[in-house]
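Enquirer: Provided herewith is a single structure, encoded as structure tokens, for subsequent inquiry.
The values are calculated or read from the model by the stated rules, or taken from the named source; none is laboratory data. What you see is a predicted model, and the numbers here were worked out from it, not measured in a lab. Here the Cβ positions follow ideal geometry from the backbone for every residue, glycine too, while neighbour counts run over all protein chains shown.
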Amino acid sequence: MRYKAPLIGLALTAAAQVALAQSIPSLKGPDPNFREVSLVKQDQSDCEDSNVSDQPPNVVGGTAYVLRSADGNTTVKVGITAKPNTTYHFHLKCVRRLGDITTYDEGAGEGLFTFKTNEVGNEFAFDMYPEGAPPGNKYQSVKVKY
């Protein structure tokens, strides 16, 4: 039994080293096709949301994770905390509606959408709002820049 303890210790050390190595970011840097932008409670803006800011942080109601793929599509995953039990229409701003996000009892909701990358230029934005777009329940994204 005396000889098993060092072997167990080596196995745990090896496992810890693998876990640590996996947590260290790659030396190649961040993915140039990935962007993360905040969704801000703001009633209106222009098509590129040029006056939208995520400061102060208490105006942020969600996040959009945007990934341009080599296949000519852009995917956006959205997570929000907004008005509970509400359906928000999510738009590629000034282009078209991408779909809906429905919040639950706690106000959390998420959606996954895809659009053709060539539908937009290198700067674009999103907006979302419930049916009827009542003031105070509209969200604009910070501008997405590639």
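Enquirer: Of the residues in the range 92-116, how many are among the hydrophobic types (A, V, I, L, M, F, W, C) and closer than 17 Å to Gln140 by Cβ?
Expert: Step one: filter the range 92-116 for residues among the hydrophobic types (A, V, I, L, M, F, W, C), giving 92, 94-95, 98, 101, 108, 112-113, 115.
Imposing the further condition that a residue be closer than 17 Å to Gln140 by Cβ reduces the set to 92, 94-95, 98, 101, 113.
Residues flagged as among the hydrophobic types (A, V, I, L, M, F, W, C) and closer than 17 Å to Gln140 by Cβ within the range 92-116 amount to 6.
Enquirer: Out of (1) on the phi < 0 side of the Ramachandran plot; (2) of a type in the set (Gly, Ala, Ser); (3) touching a residue at least 24 places away in the same chain (Cβ under 8 Å), what's the single condition that is false for Gly136?
Expert: (1)
Okay, residues lined up against (1) surrounded by 15 or more Cβ atoms within 10 Å (Cβ to Cβ); (2) within 11 Å of Met128 (Cβ to Cβ); (3) in contact with a Leu (Cβ under 8 Å, 6 or more places away or on another chain); (4) not basic (Lys, Arg):
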residue: Val78; (1), (2), (3), (4): yes, yes, yes, yes
residue: Ala82; (1), (2), (3), (4): yes, yes, no, yes
residue: Asn85; (1), (2), (3), (4): no, no, no, yes
residue: Arg97; (1), (2), (3), (4): no, yes, no, no
residue: Tyr104; (1), (2), (3), (4): no, no, no, yes
residue: Lys116; (1), (2), (3), (4): no, no, no, no
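Enquirer: Give the residues of the range 131-146 that are modelled with pLDDT under 95 and in a strand (DSSP E or B), sorted by residue number.
Expert: none
Enquirer: Additional query: Could you check, for the range 97-119, whether at least one of its residues is part of a loop (DSSP other than H, G, I, E, B), under 21 Å from Glu36 (Cβ atoms) and out of contact with any Ser or Thr (no Cβ under 6 Å at 6 or more places or on another chain)?
Expert: Scanning the range 97-119, I find no residue that is part of a loop (DSSP other than H, G, I, E, B), under 21 Å from Glu36 (Cβ atoms) and out of contact with any Ser or Thr (no Cβ under 6 Å at 6 or more places or on another chain), so the answer is no.
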